[in-house]
Structures are given as C-alpha cells and as structure tokens.
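Visitor: Have a look at this one.
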Amino acid sequence: MKYLRAVPLLVLLLLNLKSFAQTDSSFLKKAVALSNKQLTDKPTEKVYLHLDKPFYNITDTIWFKVYTVTGAEHQLSDISGVVHVELINAKDSVARRINLKLTNGVAWGDFVLPGNYKAGSYRLRAYTNWMRNQGTVAMFDQRIQVNGRPVFGANQPQNQPATENKTDVQFFAESGSLVNGLRSKIAVKVIGQNGLGRDAKGSITDNDGNEVAEFETTHLGMGIFALLPQAGKTYKAKITTDGIPPFTVDLPKAGDEGFTMTVNNRLTDSINIKLTASSKTLGTKQHAYYYLVGQSGGKVYYTTSFKLEDPGYSFKIEKKRFPSGIAQFTLFGADAEPLNERIAFIRANDTLKLKLNIAAQKLATRNAVSVVMEAANNASKPVIGAFSVSVINESRIPFNQNAESTILNNLLLTSDLKGYIEQPNYYFNNITDKTESDLDMLMLTQGYHGFEWRKTLSEKQEQPDFKAEKSLSLAGALQTPGGKPIPNGKVTLLGNRENFYADTVTNLNGDFKFEDVDVSDTSHLLVQARKQNDGKNVTIFVKQTDYPKVEKTTTSVSNQIALFSNPQQIFAQYLEQQKADSLKNGVALKEVVIKGKKATAPNEFNRNGTNQVVNVNMAKLRAVKDVSLKTALYTAEPRAHIELGGTYKNDILNGFASSMLVDGTIVDEQQLAFYSVDEIESVQLVFGAGGIKPKFVITTKRYAGTDTTVLKEVNIRSTKTSKANYRGYSAGKLGPAPDQVIMGEKLVGCTKLSDCLRNQIFGVIFDVNGNPINSRDNKKMAILLNGAVLDGSVLNSISAADVYSIEVLRGASYAVAIGSEFPGGALAITTKQGGDNYVTGSSSSSGVITYPFKGFYKARTFYSPKYTAANVNTNIPDYRTTIFWEPNIVTNETGEASFSYFNADTRGIYRVTVEGIDANGNLGRQVYRYKVE
C-alpha cells in the first residue's frame, strides 16, 4: 500500500492559525476558536490529595494536603475557594465530611480514625462544586486500607481468597472500530470478579473455525494482538484462565467503511500517526477533506488537514509541543463529525527537579534531622512553589510502591481516565521499554473522560449546572404561616463565635442567600427574619446543602486494594515488631518476689504485660459522694493527676495525660467531668517505663454489662409532660411513639450535648466526635433538627440551653422515613425560641431559628516531639509511624526551603517524600531514603 507523508500544521493557541494552500481551514479555525472559548468559559479543575502515608491503623490520623489545579498546564486554580473532602467507609457511606478554604489553590486538613471505626477499605473523595459539572468521575477518589486493633484471645479471621466465578473480557480496536480489509491492533482486558486484572490466554477464530490470531495478557490482565478482518466474516475468542472453564467471547463486528488510526509512541522525541482508509471509503469520499486535531487538557496543540487522494497518510508530531500527560488525537470528516480517536501518554521534560540535602550526620534514633530542599525547573532555574513533605518509617508500614497515588500519576494520568487504575505508579517508578509498552496498552483499554469534541463543537453550548464556590453560603426562603412567599423580607445572620454578622432581603419569591459565610466548623448561627413592615409572623426555611451521591464501588472490598497481598498477615508482623520494640526498649528490672498481688495479664492496652497497671480503688472513689468521675479522681487517687516523675508536677487530668480511653474510645480529658462515679465499673492507670504520664483505661458499667439501674424500681417525682401540651417534632408525624423523650430541662451541667445525653438515653452510643450511633447494630443515626435531616456530626454544635426536647427514634420504621443514609434512626431535636414558641419546621412562625452551619474546618497541627539533652534518654517509647508531616512548605526566590524533625525510636528505612507544584503548574515529586540504626 502506498503511503504519503502529509506536512503537519502545528498550532499553538497564542499564534495565528495558518493553513495549507488547497485545503479548507474553516473547520480548524472553528475548532480552535471553540476550544479556546471553552477554556475561558468552562475551564476544568482537578483536585489531588497528598497523604502522609499509604496505610493506616484505627486511631491513626490521616494527614493530607489539597492541590487544586486547572488547565492543561496544571496551574494552581483560582476558580474555586472551597474544597469538600469526605471519608467514605466500606459501605459507601460518608463517615465524615469537612469543608476547607482554598488559598491560592491549596489547603490542608486531617481525619482522625476513631477507635469505634471498623477495619477495612475506606475512600477519600475530594471535589469542588465546579468539578461536579463533569460528574463524579472527575473527582479525586482514592482507596486507603485501614487495619483495626485485633481482639486478644479471640480467633482472628483469616484472609480467604475470593471465589472467582465470573470474568469480564473486553476487546478494544486501536482507533475505535474494526474495518474489513485493514489490519488493526486490538487490545484485550481481562478483569476478575474482584475487579483486578487477571492472566489469560486466548485464540481468535472466524465463523468457519479457522484460527487467525492468538494472544496472551502480559500486564495486569492486558494484552495486544493484530487482526486483519475480512468481509463476510465474524470472529470470536476462546479464553483460558485459571480457576474457571474455558469460555468464548464475540469480537466487535467490522465495518466496510472508515479509517484505521495507528499510533507509534515509542520514539523519544516524536509520535507517529498513520491513517489508512478502506477501499470503499476511498472510492466514495475521494477528494474530500479530513482533519486531524491533537489536544491535551482541552487545549489544541496540533492540527493538520488533508484531501483524500491516496489510501494512507502518515504524520510525525514533535512531542515537545505537548505538556506531560494524556494527549487525544481525533480524525474529523468533512462534516465535522469525529471518526476515530486515540489517546497517548506524552512524557515531556517539564517536571520539577527537586533535591533534598541532608547534612552528614549520625542518623540514629531520636536524632535531629535537618533537610534543605532545592526546587528548579527543567532549565535548572530556581522556582517558587508550594510543597508538602511526609517522613515515614517504611520498614514499619506495609505498602506497594507501584500502587501508590502520587501527584504525578494522579494529575497526569488517572484523573483523565475512567474507572479504577490498578498500580498507577508502576508507569512512573522505573521507566523502561516494557513500562512504556504497558502504558500504551492502558491507553487502549481505559476510557478517556477529559474532553468531548461533540460538546465543544455544538452550536448550543450547555450551561454549567453547578457554579464555582468562592466561599460558603447559606440559602433559604421566608413564608407566611399559610405558605405564601414573603418578598422584600429582611433576614439577618449572626454567629457569636466569630462575631459574624450579615443581612440581606428576599427576592420576589421569598428566597434569600448569604455569601461569604466565613465561620468555623460547626458554628451555631442565628437566623432572624422580619417582614418588610417588621412583622414577626414569619416562617424560615433553610436550604440543606446538596452534596453529590457516593457512587458504589465495583471492586470487591476484600481485593480492591492492590497494596497488600495479605493485610492481616502484614498487620500481625507489625504487632510482632511492636512487641520486639517493647522488649528492646523496656527497663531491665531486678528479680523481685511479689507478695499478695497477682501478676498483671497482657491486655489490649498493655499488650506484652510489661507496663505497670494500677487498678484504682473503686470503693474509695464511690465514697466521694455526688461528684463527677474527674473530681473523684482528683480527691481519692493522687496518682491519677500528679506526674510523679515530673519536675513541675504537671496536672495529668488537665491536658498532660498520655491518652484517655472510655470503653475503648479515645476521649478528651474534659469529658470525665460528665461521668458519674456510679456508672463506672473500673479505672486502670497504665504506666509506661519510668512511671509517668499514665494511660487512663475506663470501663463503664453499661459497657461491662453490669449496669442494673434500669431494672430497679424508680419513683418518678418530676412533673410529667402532658401529651396534649407536648410539641416535639416527631409526635404524630413519623409513625410510632419515640423510644424515649428527654426534655430540655434535664440537659444541664455540660458543654457538649452528647455529654448530656450519655447518661440519659439508652440504646445510643456516641463516638469520639459526638456522633450518635444505634448500639443495637452500630448503625449511623441522623439528627432531625426541627424537621431538617442533618448529619450526626452537628449534635455538639447545638446548645443544650436551646433544646425543648430530644426524641430517640431507633425503630426500623423511623429509618425508612428518614432515609437509607441513616439506617440507625435519628435523634429528633426540637429547639425553643422563647416563651411557648417552638421551631417545628414549617408550622413555626417565630421569625428566628438557630441553625448548625457546617463551616470551614480548622486543620490540626501535626505534633512532632523535640528531643533535647534533658529528655532524649527518657524511657517513654516513641513508636511513631508518621515521623513528620508538614503541608505548608514554600520555596523562596532561590528555590530553597528547609525543615527539621527528630527520628523516632524505631530503626529501619526512613522515607522522605516531597510533592508540590510551582507557579507555572510544573509538578514535582522526590523521594529520599536513609537508614536509622
């Protein structure tokens, strides 16, 4: 076949479009103009999260930095001012959600993994409201593995292999479709029931039984073979893979008309594209014009056109015209319809050069480490950029380097592809000819969602459904008690915590909206409304925030994380290493004879039996009448609050404790003030080596199963609330009577509403953040605030003084009425607003409500110990796995930045990882390893 080399036309958007003589360039001008317009009117955003480590345990903190970028050059975005970050559990429910304020495209935050969370596969999802126009596929969505604390003395579950009885096989012609008479490259992808690629072999036969090709997968279930389809023939593949009987799959049918597009991306400096027309197309479309366009990130970098005179054309395109990332090449017909498309990954020389300099020093445990970072562009010029750094002991954290998500593989690769990408960092770790070949197979088998020419070229441009959020907002409406809108109504918004104040008026439909609501998470805002004539007979409705739905994961929970082949085995090794650390760092004691006391057995909080455990005398505590647990400990047990080994007698009960656990959950020490001694079964003080800063292990009677107070005869002497006078929300509205009703007058002596409720309601427990959980089946409960369904996290933002009543709704019928997101039911809270006026949804007309507004989350600061000559040899062990985390590192004009930290007690290979971006959107990542002995 004869091929002609067409002279290409390279187009940069900043240059005037030029065209060949004898060609029609009007389509190319239109394509470039419309793509330019879309870049201006509807630019795309991407979000990436840099995490401190790839693996977590229950009670760990997930530290992260958010990078928000826009355009093909990945410049830090100024489109949005708010980013939403969600922690999603294995049941595809949002466990926690925070809002972060973006400053110059970056933000940082954290999620604590409380002790009551279950081990398993979690997801981190992050997005801006503007990104929702592209659907959930465009959102940052990363899986993380969380391991739990094993139950000592119980049989541990074994990691059972998934039963694979279903395999999905798909075939992809290189340029979209097969054409009879034209040889085509075909990629195959074989996916097992667990959602991961699996090895397979196959043979291709035609409808006469003749074998015409063979194939074998070579990387993560992907493989390639060539086929020359013939007219009148159909083809099928016979697949053989381990564990299931052989089966057959039909190949896509070939057509008689069209082109094939073949891409050779193996050259370092250029990419070759070959277009071949079928004989029928050459006969019917000869002399017609065709157009080839190359774009990346919505920006056109290459165009050419040709008149169809010969069966084949080839094009050599310089790679330096494109930025790093996925480039899309599209062949258009004379009618501007896209005929063939092919994506290819371009490796341009545009990533940052990062260098980490650690001064020559002894890198031993607890030694200080000082790092100077240098950042330069591809021309070796220093750059100012935003970076984040994490330091971990990778000898203690299970991980698979090929499976990690990084700023490079995410923003350049996976963020533009549909579906789950297995081992994305494999394509960036150690680049070889095989790596490049495997990456090209990925381009053939994975769907591309970054850009659609049909939408761009459409005469009628779609308007975005979601606007970019520059700040948080609160919207609602005013109505009369009869339901009519109140135009020109005056609305005031007040927040006492930040001295926030704003006012506005309603439109003709009675709607109002407050922009720039810059308050913290979660703030209690007062909304007050009046009619235009200052009338107070007004009902206020607040619009609930519309969050995107969580898409169900299609990958098996047990196998969707390719990080670890056996998480249970690796975690067991981690615990064994902890035990070895305890033995190595423990204090050797002389042999003594113990008289009259039984040796302490190992338990969950004293795993190896090496720590000193003091059982607090509960009779002595209970002798201190009518006081809280905290006060009783102060009075009767000095060891609970005096640091015996300290110089300044630090008060452990006010901020200097090692940790406090109530029924296995870490709590703030101030919460002990809300427990009565009578509800406590036991208190243990677990002292580490050196006998200072004990760990409090508190067990309640309810948790221990010894609480019998509900069985005793109780004489009710308080005034009973009349059913006729009771005005709580759920009465007569949601089905059966509530399981329990707590009147607001009983909620006294506490700062957090969850603390008020711990001793007063049954069948409900609260996690470390105060979220209510149905103890019947450990399911999430909602808050029904004056009829509005809210997440349980708002509970502690409601003032106890504002509460008229709280109804416990735990029945199945309540869960159905509230929604599937809250299978545990709800706490229905009705607030009071002076006198006898109670806010009860649309039936209230008091003109004032208190609303729990989810504001901006204030990120915590990572604690990094500082060892001095006075404390470097302390016997308190330091077993941190995240050694250091700093999300806010900015290089100066010389491209330099510095940071320092102290090593922990654990020996092994420490990994320093720096990621970031400069002002021009150039990405950078550098890993430095050193050994601690």
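The values are calculated or read from the model by the stated rules, or taken from the named source; none is laboratory data. Model, not experiment: these values are computed from the prediction. Every residue, glycine among them, receives a Cβ derived from its backbone with ideal geometry; neighbour counts consider all protein chains shown.
Visitor: Can you tell me which residue is nearest to THR262 (Cα to Cα) among those in segment 404-460 that are small (Gly, Ala, Ser) and crowded, with 18+ Cβ neighbours inside 10 Å?
Guide: Filtering first and then ranking leaves GLY450.
Visitor: Tell me, which helices (runs of 4 or more DSSP H) wholly within segment 424-505 include 3 or more residues that are within 25 Å of the chain's Cα centre (by Cα)?
Guide: Per the criteria, 426-429.
Visitor: Looking at THR68, is it modelled with pLDDT of 90 or more and more than 30 Å from SER395 (Cα to Cα)?
Guide: Considered against the rule, which asks whether it is modelled with pLDDT of 90 or more and more than 30 Å from SER395 (Cα to Cα), THR68 comes out as yes.
Visitor: Then there's this: Say whether the condition of being assigned to a strand (DSSP E or B), more than 32 Å from the chain's Cα centre (by Cα), buried (at least 19 other Cβ atoms within 10 Å of the Cβ) and of a type outside the set (Val, Ile, Thr) is met by at least one residue in segment 363-374. Steps first, please.
Guide: Residues of segment 363-374 assigned to a strand (DSSP E or B): 368-374.
Applying the additional criterion that residues be more than 32 Å from the chain's Cα centre (by Cα) yields 368.
Going one step further and asking which of them are buried (at least 19 other Cβ atoms within 10 Å of the Cβ), we end up with none.
Scanning segment 363-374 turns up no residue that is assigned to a strand (DSSP E or B), more than 32 Å from the chain's Cα centre (by Cα), buried (at least 19 other Cβ atoms within 10 Å of the Cβ) and of a type outside the set (Val, Ile, Thr).
Visitor: Which one is surrounded by the most Cβ atoms within 10 Å (Cβ to Cβ) among residues in segment 876-931 that are among the small types (Gly, Ala, Ser) and not in a loop (DSSP other than H, G, I, E, B)?
Guide: GLY916
Visitor: Out of ASP52, ASP60, ASP92, report the one residue that is buried (at least 20 other Cβ atoms within 10 Å of the Cβ) and under 25 Å from PRO424 (Cβ atoms).
Guide: Details: ASP60 fails: buried (at least 20 other Cβ atoms within 10 Å of the Cβ); ASP92 fails: buried (at least 20 other Cβ atoms within 10 Å of the Cβ).
Going through ASP52, ASP60, ASP92 in turn, the sole match is ASP52.
Visitor: May I pose another question? Are there any strands (runs of 3 or more DSSP E) wholly within segment 175-255 with 3 or more residues that are under 35 Å from the mean Cα position of the chain (by Cα), in the same structural domain as PRO311 (by TED's automatic domain parsing) and over 30 Å from PRO311 (Cβ atoms), and if so which?
Guide: Values: elements: 184-191, 201-206, 211-216, 222-227, 235-240, 247-250.
Qualifying strands (runs of 3 or more DSSP E): 184-191.
Visitor: Okay, next question. For VAL789, indicate whether it is in contact with a strand residue (DSSP E or B) (Cβ under 6 Å, 6 or more places away or on another chain), surrounded by fewer than 21 Cβ atoms within 10 Å (Cβ to Cβ), in contact (Cβ under 8 Å) with a residue 60 or more places away in the chain and within 23 Å of LEU661 (Cβ to Cβ).
Guide: It is false that VAL789 is in contact with a strand residue (DSSP E or B) (Cβ under 6 Å, 6 or more places away or on another chain), surrounded by fewer than 21 Cβ atoms within 10 Å (Cβ to Cβ), in contact (Cβ under 8 Å) with a residue 60 or more places away in the chain and within 23 Å of LEU661 (Cβ to Cβ).
Visitor: Let me ask something else about it. Hey, can you tell me all the residues within segment 489-519 that are surrounded by 15 or more Cβ atoms within 10 Å (Cβ to Cβ) and aliphatic (A, V, I, L, M)?
Guide: VAL491, LEU493, LEU494, ALA502, VAL517, VAL519 - these are the residues of segment 489-519 that are surrounded by 15 or more Cβ atoms within 10 Å (Cβ to Cβ) and aliphatic (A, V, I, L, M).
Visitor: Quick one: what pairs do we get from segment 336-350, first residue in the same structural domain as TYR291 (by TED's automatic domain parsing) and farther than 14 Å from ASP269 by Cα, second among the charged types (D, E, K, R) and surrounded by 18 or more Cβ atoms within 10 Å (Cβ to Cβ), C-beta under 7 Å, 6+ apart or different chains?
Guide: ARG342/GLU174
Visitor: Then there's this: Has segment 320-334 got at least one residue that is buried (at least 17 other Cβ atoms within 10 Å of the Cβ), in contact with a Pro (Cβ under 9 Å, 6 or more places away or on another chain) and not in a strand (DSSP E or B)?
Guide: no
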